[in-house]
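The values are calculated or read from the model by the stated rules, or taken from the named source; none is laboratory data. It should be emphasised that the depicted structure is a prediction, and the values quoted were computed from it without experimental measurement. Every residue, glycine as well, gets a Cβ built from its backbone with ideal geometry; the counts of neighbours run over all protein chains shown.
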Amino acid sequence: GAVVSQHPSWVICKSGTSVKIECRSLDFQATTMFWYRQFPKQSLMLMATSNEGSKATYEQGVEKDKFLINHASLTLSTLTVTSAHPEDSSFYICNPGTVSYTFGSGTRLTVV
Amino acid sequence: TQLLEQSPQFLSIQEGENLTVYCNSSSVFSSLQWYRQEPGEGPVLLVTVVTGGEVKKLKRLTFQFGDARKDSSLHITAAQPGDTGLYLCAGVGGNTGKLIFGQGTTLQVKP
């Protein structure tokens, strides 16, 4: 149980375009979803927390207008990287927190 | 602010050697998790420790939670090349459920 499905696994996009990453809880309901970012050979850094039916909360230094988070239902949370730039290239991972310590499989974003 | 200091950050050893990874904090955590991550994949949960002084074993891996629930260690006996990966400790921060991660330990086990 407690499976988190994350899509896409990898994406390459051009600078200035937007990319949407989805995290779905397949066999449980997630009122909260944590979004992390990870650079090569580094640890996970929390970016923001999405809450079903309310606004997301962002960690200090994370631009909320750039990283749009939507938690439209108890089984789907999305992170949209808007106007992507090469420095946004990273590994993005979601996790539903105390409901389950299972992580999504991650999304490798490369902005060219 | 709760922080987790993980050490060492890099470790390269020969097959068969033992190793210990440490995770320390000045804050108390209600629970602490250890994860292993392969390149290009999400972290996979190895164990959760909850009780101060708790010791859990997973085959050749031994996890310990400090009595005061401020620190934890991961000990690997007779390391194998398949143990190579990034090991992460993480504590549950406050009552929000979010995980606070240590810096990670990149382990390389050479055959």
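Go through (1) within 14 Å of chain A (Cβ to nearest Cβ); (2) exposed (fewer than 14 other Cβ atoms within 10 Å of the Cβ) one by one and return the number of the condition residue B:92 breaks.
(2)
Please identify the pairs in which a residue from the range A:55-67 that is without any contact (Cβ under 8 Å) to a residue 24 or more places away in the chain has its Cβ atom under 7 Å from the Cβ atom of a residue that is of a type in the set (D, E, K, R) and surrounded by fewer than 15 Cβ atoms within 10 Å (Cβ to Cβ), counting only partners at least 6 apart or on another chain.
Partner pairs satisfying both residue conditions: A:58/A:64.
Say whether the condition of being in contact (Cβ under 8 Å) with a residue 40 or more places away in the chain, closer than 21 Å to residue A:48 by Cβ and surrounded by fewer than 16 Cβ atoms within 10 Å (Cβ to Cβ) is met by at least one residue in the range B:71-83. Steps first, answer last, please.
Step one: of the range B:71-83, the residues in contact (Cβ under 8 Å) with a residue 40 or more places away in the chain are B:71-81.
Narrowing the set further to residues that are closer than 21 Å to residue A:48 by Cβ leaves none.
Scanning the range B:71-83 turns up no residue that is in contact (Cβ under 8 Å) with a residue 40 or more places away in the chain, closer than 21 Å to residue A:48 by Cβ and surrounded by fewer than 16 Cβ atoms within 10 Å (Cβ to Cβ).
Among the residues of the range B:19-46, which ones are modelled with pLDDT of 95 or more and either over 15 Å from the mean Cα position of the chain (by Cα) or of a type in the set (Val, Ile, Thr) (or both)?
Across the range B:19-46, the qualifying residues are B:20, B:21.
When you scan the range B:47-89, how many residues do you find that are more than 13 Å from the chain's Cα centre (by Cα), at pLDDT 95 or above and within 14 Å of chain A (Cβ to nearest Cβ)?
Qualifying residue count, the range B:47-89: 1.
Restricted to the range A:58-74, and to residues that are among the acidic types (Asp, Glu) and more than 10 Å from every other protein chain (Cβ to nearest Cβ), which residue is farthest from residue B:39 (Cα to Cα)?
Step by step, filter the range A:58-74, then rank; the result is A:65.
Collect the residues in the range A:75-112 that are within 15 Å of the chain's Cα centre (by Cα) and more than 13 Å from chain B (Cβ to nearest Cβ), keeping them in residue-number order.
A:75, A:76, A:77, A:78, A:79, A:80, A:81, A:82, A:84, A:88, A:89
Please list, ordered by first then second residue, the pairs with beta carbon atoms under 7 Å, 6 or more apart or interchain, first in the range A:30-54 and modelled with pLDDT of 90 or more, second among the hydrophobic types (A, V, I, L, M, F, W, C) and outside any strand (DSSP E or B).
Short answer, once both residue conditions are applied: A:47/A:62; A:48/A:62.
Starting from residues that are closer than 16 Å to residue A:47 by Cβ and either in contact with a helix residue (DSSP H, G or I) (Cβ under 7 Å, 6 or more places away or on another chain) or charged (D, E, K, R) (or both), keep the ones in the range B:95-109 and report whichever is nearest to the other protein chains (Cβ to nearest Cβ).
Of everything passing the filter in the range B:95-109, B:97 is nearest to the other protein chains (Cβ to nearest Cβ).
Where in the range A:2-91 are the strands (runs of 3 or more DSSP E), entirely inside, with at least 1 residues that are under 20 Å from residue B:43 (Cα atoms)? I'd like the intermediate steps shown before the answer.
Details: elements: A:4-7, A:10-13, A:19-25, A:32-38, A:44-51, A:54-58, A:67-73, A:76-81.
Here the list reads A:4-7, A:10-13, A:19-25, A:32-38, A:44-51, A:76-81.
Only residues that are acidic (Asp, Glu) and more than 18 Å from residue B:73 (Cβ to Cβ): list them for the range B:1-42, please. Spell out how you get there, then give the answer.
We begin by selecting, within the range B:1-42, every residue acidic (Asp, Glu); these are B:5, B:15, B:17, B:38, B:41.
Result: B:15, B:38, B:41.
Take the range A:4-42 and flag every residue that is out of contact with any Pro (no Cβ under 6 Å at 6 or more places or on another chain), closer than 24 Å to residue B:100 by Cβ and of a type in the set (A, V, I, L, M, F, W, C).
A:4, A:21, A:23, A:28, A:34, A:35, A:39
Suppose we filter the range B:2-30 for residues that are within 10 Å of chain A (Cβ to nearest Cβ) and surrounded by fewer than 18 Cβ atoms within 10 Å (Cβ to Cβ); how many remain? Break it down stepwise before answering.
Quick first cut of the range B:2-30, residues within 10 Å of chain A (Cβ to nearest Cβ) only: B:4, B:6, B:9-10, B:30.
Narrowing the set further to residues that are surrounded by fewer than 18 Cβ atoms within 10 Å (Cβ to Cβ) leaves B:9-10, B:30.
Looking only at that region, the number is 3.
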